[in-house]
Ligand SMILES: [Zn+2]
């Protein structure tokens, strides 16, 4: 069976909690092989991380090339006895498919596979009537955890083979309340650091022999927190810097601590790069610190850059396909956390559209079966418009 619900159930029944595959990619491999795809299973690993299975499957040899991306790994089920239906049962009850990954994002993958198969059957087994065009699947088993042996390496592997992607649809649960309310077209970048202020440890009764870093780091935290980094851009909300912990490691009530540190994270928009942001924050720190406060920032490495797919022909055809099926005109949003789209964006324009995210990562994760049917129709509508244009 190759309808979305059957594929989704088969996937949910594989307990593929990262880094386990538990047969999930095999489900897709069998279906795609039978439909004429060239399927590759590639395993990536590196010291200190678990080896991860990934899958790349393509039909067609020429442009235009649309790829459907996703991940078959899932977060742990939590307390399995708290689930109304087994976390990996794939139970369908009262019109809902239950199970870990139903929403994030085995359901989305199932819909894209079902839509592509349906499209190919209707078009004699090739993406376009003139024999041109390609459709592929870029599926990783390493999204929910460290994301080291997944999409990043799979994209590099594909590029080394000469694969060129023109557009990508990532089936993450992008909708907030109802199917059709939101396409994610970009995400802010993320950059973390730790602010250190050196003092001189001493007795609280003899402050002239010590230098207390607590008021000094407080002044820096206030300065860095309250001055806006920007006021937002055409497609993004304002960047924000948030301190997440402050610590002096001091348990004694009569000791002035010798060192204070504060961790922070910045979510930044397309008005910055990591480099310009580091410079800006360090300049502001230096301005407040002057010659008196001994402060420094240690930045954490980050591979989370800002990206955006500008509105245009590709987003227009997705919006049209969504509106046709749901009657809703989706917002083009850049809000929310990060996803593998940040890696794909270096290769081709990418949009994220999948199921409704309400129950993802929760006990009783579930999706209406009717949403699976609608999302399949939407992806089919995307394919019709993509290869007709
Ligand atoms: Zn996900």
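Rule-based calculations on the coordinates, nothing more; no lab input. Not measured: the values here are computed from a predicted model. Because the Cβ atoms are built from the backbone with ideal geometry, glycine has one as well, and the counts that use them run over all protein chains shown.
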The relative contact order of the chain, taking Cα pairs under 8 Å that sit 6 or more residues apart, comes to a percentage of 24
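Determine the gain in length on full extension of the stretch residue 30-residue 276; use 0.36 nm per residue of separation and subtract their C-alpha separation, reporting nm with one decimal.
Details: separation 246, 0.36 × 246 = 88.56 nm, distance 4.75 nm.
Going from the current span to full extension adds 83.8 nm.
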On a 0 to 90 degree scale, rounded to 10, what angle separates helix 151-160 from the longest Cα axis of the chain? 60
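Please report the relative contact order for the stretch 160-290, taking Cα pairs under 8 Å with a sequence separation of at least 6, and give it as a percent rounded to a whole number.
Details: 193 pairs, mean separation 39.2, N = 131.
Once normalised by length, the contact order is 30 percent.
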Kindly identify the stretch 1-136 as rounded, prolate or oblate by the Cα gyration tensor criterion: order the square roots of the eigenvalues as a ≥ b ≥ c, call it rounded if a/c is under 1.5, otherwise compare a/b with b/c, prolate if a/b is larger, else oblate. oblate
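What list do you get for 27, 116, 152 if you sort them by fewest beta carbons within 10 Å? Please list the in-between numbers first.
Working: 27 22, 116 27, 152 19.
By the 10 Å Cβ count, ascending, the order reads 152, 27, 116.
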How much mean residue ellipticity at 222 nm does the chain get from its helices, if each DSSP H run of length 4 or more adds -39500 (n - 2.57) and you divide by all residues, to the nearest 500 deg cm²/dmol? -9500 deg cm²/dmol
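Neighbour counts of other C-beta atoms within 10 Å: give me 334, 140, 18 arranged from fewest to most. Don't skip to the answer; put the middle values down first.
On the way: 334 19, 140 30, 18 22.
Fewest-to-most ranking of 334, 140, 18: 334, 18, 140.
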Ranked by how many other beta carbons lie within 10 Å on average, peptides 31-37, 368-374, 286-292, 339-345 from highest: 339-345, 368-374, 31-37, 286-292
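For the stretch 189-299, what class follows from the C-alpha gyration tensor (a ≥ b ≥ c being the square roots of its eigenvalues): rounded when a/c is under 1.5, otherwise prolate if a/b is larger than b/c, else oblate? Write out the running numbers ahead of the final one.
Working: a/c = 3.07, a/b = 2.45, b/c = 1.25.
Prolate, because a/c is 1.5 or more and a/b exceeds b/c.
Quick one: work out the % antiparallel among DSSP beta bridges in the chain, nearest 5.
Details: 47 of 66 bridges.
Once the DSSP bridges in the chain are tallied, antiparallel ones form about 70 percent.
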Expressed as an acute angle from 0 to 90° and rounded to the nearest 10, what is the orientation of the C-alpha long axis of helix 313-326 relative to the principal long axis of the chain? 70
When a footprinting reagent is the concern and you count Cβ atoms within 10 Å, what order do 332, 375, 154, 195 take, fewest first? 332, 195, 154, 375
Acute angle (nearest 10 degrees) that the helix 106-122 long axis makes with the longest principal axis of the chain, alpha-carbon atoms: 30
